[in-house]
1. Among the residues of the range 122-145, write down those that are of a type in the set (D, E, K, R) and surrounded by fewer than 18 Cβ atoms within 10 Å (Cβ to Cβ).
2. Name the one entry in GLY48, GLY81 that is among the small types (Gly, Ala, Ser), part of a loop (DSSP other than H, G, I, E, B) and either within 19 Å of PRO123 (Cα to Cα) or modelled with pLDDT under 95 (or both).
3. Of the residues that make up the range 164-175, is at least one surrounded by 13 or more Cβ atoms within 10 Å (Cβ to Cβ), small (Gly, Ala, Ser) and closer than 30 Å to THR97 by Cα?
4. How many residues does the range 102-143 contain that are of a type outside the set (S, T, N, Q) and away from the ligand (no atom under 11 Å from the Cβ)?
Amino acid sequence: MNTIQIKDKRFAISIPEKDILREVDRVASEINRDLEGKNPLFLSVLNGSFMFTADLMKRVTIPCEISFVKLASYQGIASTGTIKEVIGLNEDITDRTIVIVEDIVDTGLTMQRLLETLGTRNPREIHIATLLVKPEKLQVDLDIEYVAMHIPNDFIVGYGLDYDGLGRNYRDIYTVVND
Ligand code: 5GP
């Protein structure tokens, strides 16, 4: 299945599952090496990162905890810039080592908002792990330590990411075809 149609848009496969998993493997190894002994709390940002979180956590072998938060700021295929609330964070993160697990950092505004919110709750340290970064779009200065892949500034779906709610279930990543 090299191309897919979702509503009005056509998408072509751009990152096959095996390439994704190779990079997820590498990121997990880096985390295992760096955060050993810190009992990190992974905070997975739903919905988009559910598949990345599952594959990453299967490869993280150090003692750790996982929880899930929601923070929606994106509609259609253009970042709205409107930032919504963080919901679902019930854990006490005081003095904890936190790893935010995101699907994609685009402008970085979502991540910045999340860092600000978590920062007020006195964590020991906050690390960022993201499946994807679009470096051309980044508007804020972020220290993103764990990145599976850098991609061009094109709209993508699959492997957890959606177009209008659809496409999250594909195991590969697809890029929109402009025609
Ligand atoms: P930012 O605040 O960094 O601009 O946007 C981050 C959020 O926008 C991501 O968590 C994701 O939900 C969404 N996003 C950014 N780029 C894409 C993309 O190419 N495809 C999809 N499906 N979502 C994207």
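1. Step one: list which residues in the range 122-145 are of a type in the set (D, E, K, R), which gives 124-125, 134, 136-137, 141, 143, 145.
The answer is ARG124, GLU125, GLU136, LYS137, ASP141, ASP143, GLU145.
2. Numbers: GLY48 fails: either within 19 Å of PRO123 (Cα to Cα) or modelled with pLDDT under 95 (or both).
From the options GLY48, GLY81, the qualifying one is GLY81.
3. Within the range 164-175, not a single residue is surrounded by 13 or more Cβ atoms within 10 Å (Cβ to Cβ), small (Gly, Ala, Ser) and closer than 30 Å to THR97 by Cα.
4. Our first condition is that a residue be of a type outside the set (S, T, N, Q); within the range 102-143, this holds for 102-106, 108-109, 111, 113-116, 118-119, 121, 123-129, 131-138, 140-143.
With away from the ligand (no atom under 11 Å from the Cβ) added as a condition, the list becomes 115-116, 118-119, 121, 123-129, 135-136, 141, 143.
Matching residues across the range 102-143 total 16.
Here is a yes/no grid of residues against (1) basic (Lys, Arg); (2) part of a helix (DSSP H, G or I); (3) closer than 21 Å to ILE31 by Cα:
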residue	(1), (2), (3)
VAL99	no, no, yes
LEU118	no, yes, yes
ASN122	no, no, no
HIS127	no, no, yes
THR130	no, no, yes
GLN139	no, no, no
ASP143	no, no, yes
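The values are calculated or read from the model by the stated rules, or taken from the named source; none is laboratory data. All values reported here derive from a predicted model rather than from experimental measurement. Please note: Cβ atoms are built from the backbone with ideal geometry, for glycine as well, and neighbour counts cover all protein chains shown.
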